[in-house]
1. Starting from the Cα-Cα distance between A:GLU551 and A:ARG231, subtract it from 0.36 nm times their residue separation and give me the gain in nm to one decimal.
2. Take the range A:524-597, drop everything but the C-alpha atoms, weight them equally and run the Debye formula without solvent; then report log10 I(q)/I(0) at 0.25 Å⁻¹ to two decimals.
3. Run the simple label-point estimate for A:GLN425 and A:MET37 please: 7 Å along Cα→C-beta, distance reported in nm.
4. Work out, step by step, the length gained on full extension between B:SER309 and B:HIS877: first 0.36 nm times the residue separation, then minus their alpha carbon distance; give nm to one decimal.
5. With r as the distance between the Cβ atoms of B:ARG75 and B:ILE116 and R0 = 22 Å, compute the FRET efficiency 1/(1 + (r/R0)^6) and round to 0.05.
6. Does the range B:52-124 come out rounded, prolate or oblate by the C-alpha gyration tensor, with a ≥ b ≥ c the root eigenvalues, rounded set by a/c under 1.5 and, if not, prolate when a/b is larger than b/c and oblate if not?
7. Per residue of B:422-430, how many C-beta atoms from partner chains lie within 10 Å of its own C-beta, taken as a mean?
8. For the range B:89-129, what does the alpha-carbon gyration tensor say about shape, rounded, prolate or oblate, given a ≥ b ≥ c as the root eigenvalues, a/c under 1.5 as rounded, and a/b over b/c as prolate?
Amino acid sequence: MPEIKVTPLGAGQDVGRSCILVSIAGKNVMLDCGMHMGYNDDRRFPDFSYITQNGRLTDFLDCVIISHFHLDHCGALPYFSEMVGYDGPIYMTHPTKAICPILLEDYRKITVDKKGETNFFTSQMIKDCMKKVVAVHLHQTVQVDEELEIKAYYAGHVLGAAMFQIKVGCESVVYTGDYNMTPDRHLGAAWVDKCRPDLLITESTYATTIRDSKRCRERDFLKKVHETVERGGKVLIPVFALGRAQELCILLETFWERMNLKAPIYFSTGLTEKANHYYKLFITWTNQKIRKTFVQRNMFEFKHIKAFDRAFADNPGPMVVFATPGMLHAGQSLQIFRKWAGNEKNMVIMPGYCVQGTVGHKILSGQRKLEMEGRQILEVKMQVEYMSFSAHADAKGIMQLIRQAEPRNVLLVHGEAKKMEFLRQKIEQEFHVSCFMPANGETTTILTNPCIPVDISLGLLKRETPVPDAKKPKLMHGSLLMKDNSFRLVSPEQALKELGLAEHQLRFTCRVHIQDPRKEHETGLRVYNHLKGILKDYSVQHLPDGSITVESILIQATAHSEDQGTKVLLVSWTYQDEELGSYLTSLLKKGLPQGTP
Amino acid sequence: MAAHLKKRVYEEFTKVVQQQHEDLSTKKLRLTKPSKSAALHVDLCKATSPADALQYLLQFARKPVEVESVEGVVRILLEHYYKENDASVRLKIASLLGLLSKTAGFSPDCIMDDAINTLQNEKSHQVLAQLMDTLLVIGTKLPENPSVRMRLVEVACKHLTDSSHGVRNKCLQLIGCLGPVEKGVAKEAESQAAKDVQKIIGDHFNDQDPRVRTAAIKAMLQLHERGLKLQQAIYSQACKLLADDYEQVRSAAVQLIWVLSQLYPESIVPIPSSNEEIRLVDDAFGKICHMVSDGSWVVRVQAAKLLGSMQQVSSHFLEQTLDKKLMSDLRRKRTAHERAKELYSSGEFSSGRKWGDDAPKEEIDTGAVNLIESGACGAFVHGLEDEMYEVRIAAVEALCMLAQSSPSFAEKCLDFLVDMFNDEIEEVRLQSIHTMRKISNNITLREDQLDTVLAVLEDSSRDIREALHELLCCTNVSTKEGIHLALVELLKNLTKYPTDRESIWKCLKFLGSRHPTLVLPLVPELLSTHPFFDTPEPDMDDPAYIAVLVLIFNAAKSCPTMPALFSDHTFRHYAYLRDSLSHLVPPLRLPGRKLVSSAVSPSITPIEDPSQQFLHQSLERVYNFQHLDPRGIQELLEFTIRDLQRLGELQSELAGMADFTATYLQCQLLLIKALQEKLWNVAAPLYLKQNALASTAAKQILEETYKMEFMYSGVESRQVVIIHHMRLQAKALQLIVTARTTRGVEPLFGMCEKFLQEVDSFQRCFISELPHMQGSFVDKLLDLMPRLVTSKPSEVVKILQTTLRQSTFLHLPLPEQLHRATANIIEPTGESDNPLRFTSGLVVALDVDATLEHVQDPQGTVKVQVLYPDGQAQLIHPKPADFRNPGPGRHRLITQVYLSHTAWTEPCQIEVRLLLAYNSNRSKASTRIPKSTWSESLEALPPSENGIEGTIPFSKPVKVYIMPKPARR
């Protein structure tokens, strides 16, 4: 039996360093190549030595696919391609290809320049790596080689995030990457057609969560910001440069526009500006509203949001500032926070989760006095708000995607084991498909039942099924020819001709004894009438020589040589008529009905 | 060479002509008329290749064919059809057959047999499909012939086994359109095939081609539309189709399920994989709800739309659609809506400022969580969060319809609707506000909900704000804090957008009159009165103060204790506002002040309220003035006109009526004045100056009559007669004036004749009304008609003069409802001192925003006029899409006007105004000419001769400062 093998090198029952190996019909594909945020040692990258100990990776992998630009999905790419060594094609969507190097460079800077690590990939390596990237469009079928083809679907989540279908022959796998089934202010919802893959590999970050509607959260957020600004207070929103930041910007921008507000909104410069540029470019990847209105005005060309300057923080009057980084642990956001924390009119809104130990986490857990470096005590009088904006599908969303794609098997990655277990049960229960959740390094084997295409000549098809009817299975007669690695269904005559064989006929003959004292031809007549009465749909004929034909089956009645009262019915048919022939014999064996003349 | 070619061309040309001639003559004998069939026949015979023939046919198809020659043409086409080998030509012929059978007045039963015969030997699938289409056309043309239909259906059933999807498609379509609907007919019919059309169509629900499956469902729906009761057995089949791979199949299947759920709402269906049974309508509802999360948005829109019309569904199913159990890490979580409600009921203000405020509470049993429900769970939650706004709008509409029929559901869906007020697309926001308004009598807003609703008041879109004001007009608020909140927010809105003044006042009027008891405790605070100290008197012109007063006075109307809380200046302000803004301030029973209405005993029915009485009395008085002397009449008229105009200003509901009568009286006054002129007594040449007065009077009367006829909605034919009569009088006056002032008789001839024609047409148009016009001008005129026709112009004028003087004043009956068309230009405001600068020769777009009231068919009649300082006028026809219809009788024009002019040296003002265009042909009295179908006959219509087109300005002109700069070289 053919099989699909899946081995997660990362993201198996875990979040971070997504890297999944798939071998399908002799092809090996690597899905994502990410880093782990939690580690700073060797564990931060997937263990590529699993693939091969000494040969070159290029010989073992047919292609690498990157789903989106988050570092836990692409962070290890330069290491993998330049330091470990891989020269094959890398596929990603256009926006991912554009934004990915910016983030990698940022990551490299922090690791090498700030933390002083050596033996890390260089800027040149990032550039070299990006040269190996092939960009794909949505719904474009890319032929990696003669048999392997891939196709991208829209996934929401972040700009350029995609789900990929990997197909060899008629076996296929869909890998979702990270996706979002509910649309937000700047991106649409993930969508996949009814492609019925053999295996669906899906993320399961929120396997046990069903989220509330986005509108309430948005409204709360806007209301809080609006109230603070109206009071004359300042609002600080610490964000990471990409993804949620853009969503919040659009949200505030449209709100300002709608409500005719005048208070300034600032956005910290640097990385974000570059990223916004790409958001402006890739309009086709955004949601319906932005796509429809960009002719009049590109929503990412912010009217109310301006670049931030350090000096602005001391300006009087209300303002809203987006500043990086998101957890208030360093940088500009922390600086601004320290300036504004003392005033109870101000407000800080944390739009995401904060790691323990950061200032963000402390203030969220209600700490009002913070010890800063230099034994300074900072009293936090400003209001602290928490607002979660997340772009992963929740449990319902995951189920919805499964319903859309109708896979034969499901495999969960990118989530916690305990939560996955719950979802796995649910999937098996609701859809009656088997569901797997391998740990890192664990291989899952899935048996597939591939279909084998067979060519059939139009003439034969028309002859065998004259009336096109429903999708019911149908019996066909023909000869299967397996020649030159291809299968063909042809008519027997043609098969004989092609193979140069002579035709042989196979006939079954059967004798049925009947007690009938009458003469032979009278018995024949009786049999004829009997059959005629029963087989209304067939052509039953009485031939002049006393024999009877039912279609092509011949029946002859002769007297028994010893006993004149017993008549022997000779039934003869070719093997094509086996069905009718055996039916006839069984019918005749029951004897003729009494009372018929 | 060239000469040779030329010769050949000539040769060919002549040859062609000859042949045509021959053929024409032979055909002439047979067909009595050089018909199109003959020419076609010639053309087709001439065609050497299929491409040629196709060209001829295409040309032929562009021209219409008369009814008489249709049959001949069909015969010729059929003849060629059998001869033709090329499938594309046959296809065209087949389509032509269908086109020809559509000809009005042609009965296609004579060609039916031939059409059916052509099917027999046809091999091409495309042609077969086209022929089926033709048969369908033929069948639909013969609705009263069941046997023909039966035959066609039989033919179609025979071809259902065709291997091409196109043919099967058409066959199903034909069966759907022509299949027998009544049971009786089906029994009489001999054929087995046509007996159960439903079964035949149902068999094709499983066809291998999705297009055929769709066609089968559509055919079934068609049968339903034609009145056939579908069998319940189809339901299970249709349910299977919901899981089809193709969106058009699913979309059609959703419709079919909906139809069945309406037909058999109460039958019981089993739930698969359990022993339970539920009502069919509930099951269908659940299934359609499921489709709201379909992969294709077309299906989602379809499903969401249909949900709205499933009103028989049980309430617990309905409420499930808004249900979405939240959980976080397998623990039950409350939705934001639930939290808000809880905070509200615990009496605490929404804090929402803690992290973990939404922390999950109790553990959930893992087995009980159902992630994909088969039921209706959360369908609307999904629909309202959909990424396509089309789906969201459909979901909001459906919510609206369901909430209107179920108060408990209305209460539940409120939170979701309020959420939609923050949608990113304006259309959705607007739709949800309108929805909320429609269900507002079923609901009472909680304070937190009101808070969210009011937040939208700051929206920069005028449409949204106005819709919200309308909503607030009919909202129930539960607490006095709510009222206060609403007032505060509305006042905020007023300061931010001063143009909303009227709308906000109106909104507060209703808010006050709906909640008198809630306003009462707020009064001291709102009026800032103090038990011991006198507070300064607020500024009477402050719109915000007026807004507060409007709220209070309207509440005071049904709350007699309230005036005791007013301070002295409040009473003064009341008197002032009652007079200046009478439509917003109701009459109050104030202590120490005699109310007008208090004199009237309550027994009098509201129809005869004093103002209406006054109107009728004053009219009565006017109509009885016969005995007065001319001066007295004039004075009486003047007084009455003044009274009426004032009445119109005071009583908005009587404004139309009062204005209408005032205009009429004005006309009469002018007429009387004109006839009083000395001009008539003295020799003509001496009074050139005075005649200017008379002729302007005539002109003005004409203008006024047009206004009366076209500017008022609700004018009936009785009024139209009077108006036309007045116009006739004005024309007579004109004629007399011209006769007196011009020398020579020649021009008078024409004028007299024209006038007599008009009298004649008046008589023709209003023959039925003439008996009511005893003693009037036209009555007398018609008596004298024989004399007039024969006499000279000078005599005619003399007769006219005397008749005009002697004729009585006609009583103008008033219709039930009469409204004057009014327009108000909101933008441009005309207050800007900054000129609009643009380069001369180029265009500048000026945004025009106006409200129109009581304008019938504004798309056709309302124009924008721009007057430049040099007297040049420009008339702009706004696009139909620029008109919006926010409520009955109201329209809103939002358009752009393009201005351009040559360079000026300094900025100057232009005038923008709205005009109402009219065409006297369009008047209600004249008979409408039925539109004919063929374009030829339309052309033949004579252009309207006596239709007078004109425009009436009906808005105040607005001045706009512009400055075209010279272009820089």
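1. 105.5 nm
2. -1.33
3. For A:GLN425 paired with A:MET37, the spin-label model returns 3.0 nm.
4. Computed gain between B:SER309 and B:HIS877 is 200.6 nm.
5. So the FRET efficiency works out to roughly 0.90.
6. Here the range B:52-124 falls in the oblate category.
7. 4
8. Oblate is the answer for the range B:89-129, as a/c is 1.5 or above yet b/c matches or exceeds a/b.
Bear in mind that the values in this text are calculations on the coordinates, not laboratory data. Owing to the predicted nature of the structure, the values given are computational and were not obtained by experimental measurement. Here Cβ is always computed from backbone atoms with ideal geometry, including for glycine, and neighbour counts include all displayed protein chains.
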